[in-house]
Amino acid sequence: MTSSPPDKTPITLTEKTAWLKDRYWRFGMEEVLEDHLHDLFEIDDEGEMTVQPRIDPLTGESKGLMVLGRSGDGKTALLKRTLRASSTFTERTDDQEGNTLYITVPPEATIKKIAELILAKTGYHKLDPRARSADAWEMVMHRLGLAGIRMIVIDECHHIFRKGSGRDVMGAIQSLKHIMQSAGGVALIIAGVPSLRGEILSEPSGETFRRFQEFHLSDIRPGTREAKLFETNFGKSAAMLGIEVPDEAFLPERILFAKHGQVGRSIELGKAILHDAVARKRGVLSFERAEAIYRKSSSGFDMTPFHAAEWGAVQQELEALGWGQ
Ligand SMILES: Nc1ncnc2c1ncn2[C@@H]1O[C@H](COP(=O)(O)OP(=O)(O)O)[C@@H](O)[C@H]1O
Ligand SMILES: [Mg+2]
């Protein structure tokens, strides 16, 4: 897998804003995801991953991976970025050929609706509205082979397990299994909130669950390699935008603390603070602005992690106030 080309330095305010918005900040889980992907596909004589999913000779089924994390943990950003950076897998869209489908399940979707979404992504729009769900899924298995699809990512997958009229858990599990039973093999990645794991585990035989590897996104803890990476990303983006980050302020540490190390949320706050400096044409970051931005999305405490005092003391005070309980 390759990485994106080096950036051109953004000059105008518009360029800077657009540059920052698109920036992906590596947080150390990219390699872990790639490692998981390697397990789903055959390798060639050189040890390189191929696009051929590994198939269990006993069942004829391919394997799957579940990516689990709370909303805002950065699942979607990580999966999309992995696809963008990959030279092996390309997303199939209306204007691009590709061997990978990326489906985002809408909250209200039925199981048949997912089949329709997949069919549409493979270029098939003629599904008879009266078709039964089981027939639609038979079509899916067929179309995936025809279209040369080797991997499907189903994001927000927990939505297919929502209880309510016309929804059944076993039907949802069966539909996932259909994908893994498609002709030629299709590796399946499902992403969702942690309860997704329990839904799949609820199948009495547990056989679908056993086909999935698990990848849990975790928070960035202080003092770890991931925390260091966050600080580096923050610093590099600031430098690219021509913004100075005062060393003694410990801003990256404060941002991670403010968002309890939750990856996506911490990155969002970090970018919001940088964006504010760009928009206001300030060359240096300040506690005052960071605090103002933080307060826009958080309430509760009088004191914030961006209180203008020595970081160790602020942290102690906040913890004494019950921060993070
Ligand atoms: N590594 C990253 N680099 C840049 N932005 C990120 C990164 N991870 C998450 N984000 C941003 O954080 C927010 C939440 O991330 P998202 O991927 O949507 O989380 P999830 O899918 O787990 O709910 C999004 O605005 C996303 O763009
Ligand atoms: Mg998401």
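The values are calculated or read from the model by the stated rules, or taken from the named source; none is laboratory data. Everything numeric in this text was worked out from a predicted model, so none of it was measured. Glycine gets a Cβ as well: all are built from the backbone with ideal geometry, and neighbour counts include every protein chain shown.
Quick notes
- Among residues of the range 194-213 that are in the same structural domain as I152 (by TED's automatic domain parsing), those with a beta-carbon under 6 Å from a residue that is among the charged types (D, E, K, R) and outside any loop (DSSP other than H, G, I, E, B) at least six positions away or on a different chain give the pairs T208/K177.
- Any hit, the range 265-280, residues being small (G, A, S), farther than 22 Å from S71 by Cα and modelled with pLDDT of 95 or more: yes
- Single condition S202 does not satisfy, out of (1) under 20 Å from A134 (Cβ atoms); (2) more than 16 Å from ligand 1 (Cβ to nearest atom): (1)
- Test: T76 is under 30 Å from E199 (Cβ atoms), within 16 Å of ligand 1 (Cβ to nearest atom) and β-branched (V, I, T): yes
- Residue within the range 121-133 that is closer than 16 Å to L37 by Cβ and assigned by TED's automatic domain parsing to the domain that holds T59 present: no
- Residues in the range 12-32 that are in contact (Cβ under 8 Å) with a residue 60 or more places away in the chain and either within 16 Å of ligand 2 (Cβ to nearest atom) or part of a loop (DSSP other than H, G, I, E, B) (or both) were compared, and the one that is surrounded by the most Cβ atoms within 10 Å (Cβ to Cβ) is M29.
- Condition met for E108 (closer than 30 Å to G206 by Cβ and acidic (D, E)): yes
- Screening the range 158-197 for residues that are within 16 Å of ligand 1 (Cβ to nearest atom) and assigned to a loop (DSSP other than H, G, I, E, B) and picking the one that is farthest from A109 (Cα to Cα) gives P194.
- Against the numbered list (1) surrounded by fewer than 18 Cβ atoms within 10 Å (Cβ to Cβ); (2) more than 16 Å from ligand 2 (Cβ to nearest atom), T104 comes up short only at (2).
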